[in-house]
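Structure first, then comments.
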Amino acid sequence: IPLTLHVNLSPLQLDRPKFLRMLEQILHHTGVRPERLELELTESAAAASVERLTHQMEQIRAMGVNFSLDDFGSGYSSLRYLASLPFSTVKLDKVFIQPLPQSPSYMSLVKNLIPALHELGFAVVGEGVENPAQYRILERLGCDYMQGFLLAKPMPKAELLNFLKAPHSLVFPS
């Protein structure tokens, strides 16, 4: 099953002197293709040291591994990270998604954020999708990916393998 593995990473891990070599060894040992790995950094992690992270992230990107900016909107929400760090994906924090569809303010934010992020070349993930209305709104607005309990809850490996093999369709009552 062609999946992309997303791994949360702290800036302390990324800053370790031997991290790049260790990542190369892990990819070689596991046989995971670099383009199937996406490392996730939170906004607060990115805020810690933008300049220092840029070089390390670019070295890893050169290997074929991508980065996501996780929890965008939960903390500093600075567009600086989008302009200066080599992310390929931005994950809109659930603080933007949870109020949908009841909040006109959040509807407007999400409606404008998704195309703006696309214009900057990012794939967009909506986090915390918990009901069909949120899913439909994000789908209509062109959100590339969604994650949340509506789609699946965390599960053990054996259950996950069965889940991935089963046919799925998202049909919600009107």
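Which ones in the range 63-76 are modelled with pLDDT of 90 or more and surrounded by fewer than 16 Cβ atoms within 10 Å (Cβ to Cβ)?
Hits for the range 63-76 are M63, G64.
Which numbered condition trips up Q134, out of (1) closer than 28 Å to L27 by Cβ; (2) surrounded by 14 or more Cβ atoms within 10 Å (Cβ to Cβ)?
Q134 satisfies every listed condition except (1).
Please state which one of L92, L150, L100, L138 is more than 30 Å from E51 (Cα to Cα) and in contact with a strand residue (DSSP E or B) (Cβ under 6 Å, 6 or more places away or on another chain).
None of the others qualify; the one that does is L138.
Inspect the range 142-161 for any residue being over 14 Å from K94 (Cβ atoms), among the hydrophobic types (A, V, I, L, M, F, W, C), in a loop (DSSP other than H, G, I, E, B) and touching a residue at least 12 places away in the same chain (Cβ under 8 Å) and give the result as yes or no.
no
Specify which of the listed residues (L20, L79) is at pLDDT 80 or above and of a type outside the set (K, R). Break it down into steps so the answer makes sense when it comes.
On the way: L79 fails: at pLDDT 80 or above.
Result: L20 is the single residue among L20, L79 that is at pLDDT 80 or above and of a type outside the set (K, R).
Of all residues in the range 31-54, which are surrounded by fewer than 13 Cβ atoms within 10 Å (Cβ to Cβ) and either over 28 Å from E127 (Cα atoms) or under 16 Å from the mean Cα position of the chain (by Cα) (or both)?
Listed by number, the residues that qualify are G31, E35.
Just to check your reading of the model, which residue among G64, G31 is without any contact (Cβ under 8 Å) to a residue 12 or more places away in the chain and under 24 Å from L164 (Cβ atoms)?
Result of the check over G64, G31: G31.
Check off (1) buried (at least 20 other Cβ atoms within 10 Å of the Cβ); (2) in contact with a Ser or Thr (Cβ under 7 Å, 6 or more places away or on another chain) for I60 and give me the number that stays unchecked.
(2)
Of the residues Q134, Q98, only one is polar (S, T, N, Q), touching a Leu at 6+ places or on another chain (Cβ under 6 Å) and over 24 Å from P86 (Cα atoms); which? Give the steps one after another, and end with the answer.
Values: Q98 fails: touching a Leu at 6+ places or on another chain (Cβ under 6 Å).
On inspection, the qualifying residue turns out to be Q134.
Looking only at residues in the range 1-30 that are of a type in the set (V, I, T) and in contact with a helix residue (DSSP H, G or I) (Cβ under 6 Å, 6 or more places away or on another chain), which one is surrounded by the most Cβ atoms within 10 Å (Cβ to Cβ)?
T4
Test each condition in (1) of a type in the set (V, I, T); (2) touching a Ser or Thr at 6+ places or on another chain (Cβ under 7 Å); (3) assigned by TED's automatic domain parsing to the domain that holds I137 for T54 and report the one that comes out false.
(3)
The values are calculated or read from the model by the stated rules, or taken from the named source; none is laboratory data. Keep in mind that what you see is a predicted model, and the values were worked out from it rather than measured. Note that we place each Cβ from the backbone using ideal geometry, even for glycine, and neighbour counts take in every protein chain shown.
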